[in-house]
Structures are given as structure tokens and as C-alpha cells.
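The values are calculated or read from the model by the stated rules, or taken from the named source; none is laboratory data. Values in this document were obtained by computation on a predicted structure and should not be read as measured data. Here Cβ is always computed from backbone atoms with ideal geometry, including for glycine, and neighbour counts include all displayed protein chains. For accessibility, only protein heavy atoms count, side chains too; no ligands or nucleic acids. Shrake-Rupley method; radii C 1.70, N 1.55, O 1.52, S 1.80 Å.
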Amino acid sequence: MDMLSRHGPSWRSTCPSEIGFEIMFFALLLASTAVPEATTRRFGDWFVACDNGRACVAGSLRSDDDDATAVFTLHQAAAATATPEVAIQLPQGTAMPVQFVADGRPLILHPRRAEDRLIFSSDDAKRLVAIMHKGDRLTLADRTGKPLATASLVGAAAVLLAIDDAQHRVGTVAALIRRGPWPTTKIPLAPPLPRIAAIRASRREGPALSHARIASLRAEAGCDRVDADAQTYPLDRQQRLLLIACDGGAYNFDSLAVTVDRAGRATDAPLDQQDADDNDDGKLVNVAYNGGILSTFVKGRGFGDCGHSRSYVWDGRRFVTIEVTRQDECGGNPDWPVLYRAVPIWRHD
């Protein structure tokens, strides 16, 4: 998952002193509290969600028995001057469309293609948004006019209005659908994202567990995968993270997530939050640890068009959430809306 926060700034170079940095870091540690997450709403064939920074994402859905339906994705940043970003996911193997027709009205669009995804320029995105609330269907056709795919517009108007409302654009010149005379200065700044104290280990040595102890943990958890390797990662000077493969399915794989201190004591990795439908048994699904980020995701089905994910950083005591995505609708759209974001403030240990 592409997150700018994965390459967050090292604040050590900007602090006036080591003591000043430690004070700031400790203050962030005390302030690391759970923040309510947004929810996804459904309007017709479309969904919409806006996160805690008022960045919004919307998209269309399709039914499983309609193989010729493409799906929209629309991203709208919270900044007053931000313009919508629009893409269309084509059915797999669809030829490149060159004609676009909205309920009989032709549109001049020039998207670029990345695999089965059409990505539209800022000007094209504005043209698409302008017709979204006026029709029911966008048809994508070849040079002869033969339809290649369709995308539903039913519910798009309600979604655009929901974004305008969430971002306080209604009545301004920057509204997506309900424009008015007010200037963009009437749109408030986006709320600041939470800042989370985060430690990135700078060394590899540290406490570990014996093969016998790992086997014992697997047995205690009732794991099926008894011969798979365990992956070890340093968290700080005192603790390491062990990810121990446990159970496997067709597309979701459980692992034990364990922290080990210098005395060799192993405990379930402490997490500030988990998704409500996850098991609270020390197991994480499709887990990975890279660059100081612990990530986990659960697919609702093999196609990957629904599910949820969560990413964490280690603050010295526990893993704290910095991003949450969730898509409950299994409707052919591979983009899971971001519901919560935070910015990690890194300290190297």
C-alpha cells in the first residue's frame, strides 16, 4: 500500500537538542489515543467515505453477474483548490475505449491506460464530474461505436453532494455539484492529522526465541503450519517482533505476532486497536513488517474487491494505528477507502 507516511521525516535533525526531541517524543507518546474512524456510505450504485483529514474517496460498484461493467474511483483532497482525481477500472482484457457516451451525449476524453485502469487528466476529470449527476450510465466504446463496457452513474449525484458537504464546499466556486458565488477562502482548512511517536530500529541484533519455544507457541495457538519459518525484526534496543506463520487459506494467512524482550519473555504483540471482526487471539492476517510499518489486511474474497487493512508503528510500548482502509461492499471495485490517517514522527533507536 502506497503511503507517504512510510517515509516520514526524521525530526531528530530539526530539534534544537536531544533533550528537546525526547520531550516532544514523550509528549506524542502520551497523546497517542484512539481516534474514531469514518464509515462508508452507499448511494445507489456508488459508495463514499471521508477520512479524519477530510480527504474523500468515492466509487461505483457492479454486480457479480455483469462482466461488462467498469467501475469509477474518484479521489477528492480536502484542500480548497484541490481538483478531483478520476479513474475507471475496466473489465479484465477490455480493449482501449476511444469513445465515451453519457446517456447519448458524447464526451471528448483522452485518458491514459495503466494495465486495465483508465486515468484521466484534471480537465477530463472535471468533464466527467460535470455529467455524473445528469445521467444514469457512461458507455465506453471502440472506434466503430461498439460498446466495450459501461459504468453506472446511479447514485453519483448524492455522492458528490456528500463530498461537498463533508468538505464544506457547498455554495462555493470549488463545489463539485452545488456551486455558488462564495470564494474558496470560505472553505476551512483540513483538520491536522494526529502525530504518532514512532520508533524505527537502527540495529539488527537483539533478543530472539529458540526453535523449541517457537514450536511451543505454535502448539499453544493450535497452528497448522508447524514447519514454516518465523521472521524476526528489531523494534528497539529492548524488544524484537516475531511473525510466526500459523494457518493458511486460499487468500488469507494467519500469523502469530509476538514481542520478545531481552530476558526472552514472549507476549502477544500489543496493538492499540483491531478491527471489530478480527479475532483477538494474537494472530494477524496477511501480516508484514517493513520500514518500521506493521501492516495487516483481510480479503473478503479472493478477487480482493472487499476487505479491510490496518497499518501500525511501534511507539516503544505498543503498535499504534496510522492508517485504516475498509470496503464492505464486494462490488468489483478494488479501491478500499481510507477511513483514518495519522503521521508517524520517527525516532531512530
Filtered residues of region 326-339 (kept if under 15 Å from the mean Cα position of the chain (by Cα) and open to solvent by less than 10 Å² (accessible area, probe 1.4 Å))
Q327, N333, P337, L339
Scan region 142-159 and tell me whether some residue there is touching an Asp or Glu at 6+ places or on another chain (Cβ under 7 Å) and at positive phi.
yes
Which of (1) open to solvent by 10 Å² or more (accessible area, probe 1.4 Å); (2) in a loop (DSSP other than H, G, I, E, B); (3) farther than 30 Å from T185 by Cβ is the odd one out, the single condition V101 does not satisfy?
(2)
Please identify the pairs in which a residue from region 184-197 that is open to solvent by less than 50 Å² (accessible area, probe 1.4 Å) has its Cβ atom under 6 Å from the Cβ atom of a residue that is among the aromatic types (F, W, Y), counting only partners at least 6 apart or on another chain.
A197/F25
Restricted to region 145-171, and to residues that are in contact with a helix residue (DSSP H, G or I) (Cβ under 6 Å, 6 or more places away or on another chain) and touching a residue at least 40 places away in the same chain (Cβ under 8 Å), which residue is farthest from A102 (Cα to Cα)?
A156
Working only within region 122-152, note down all residues that are more than 23 Å from S63 (Cα to Cα), open to solvent by less than 60 Å² (accessible area, probe 1.4 Å) and part of a loop (DSSP other than H, G, I, E, B).
D142, G145
Scanning region 45-80 residue by residue, the ones that are open to solvent by 30 Å² or more (accessible area, probe 1.4 Å) and either at pLDDT below 95 or in contact with a Ser or Thr (Cβ under 6 Å, 6 or more places away or on another chain) (or both) total 8
Out of (1) open to solvent by less than 20 Å² (accessible area, probe 1.4 Å); (2) at pLDDT below 95; (3) under 30 Å from P91 (Cα atoms), what's the single condition that is false for E323?
(2)
When every residue in region 287-345 that is assigned to a loop (DSSP other than H, G, I, E, B) and hydrophobic (A, V, I, L, M, F, W, C) is compared, the one farthest from F72 (Cα to Cα) is V287
By residue number, the members of region 131-152 that are under 27 Å from the mean Cα position of the chain (by Cα) and farther than 12 Å from I88 by Cα are M132, H133
Across region 208-237, which residue is most open to solvent (accessible area, probe 1.4 Å) among those that are within 14 Å of D349 (Cβ to Cβ) and in a loop (DSSP other than H, G, I, E, B)?
R237
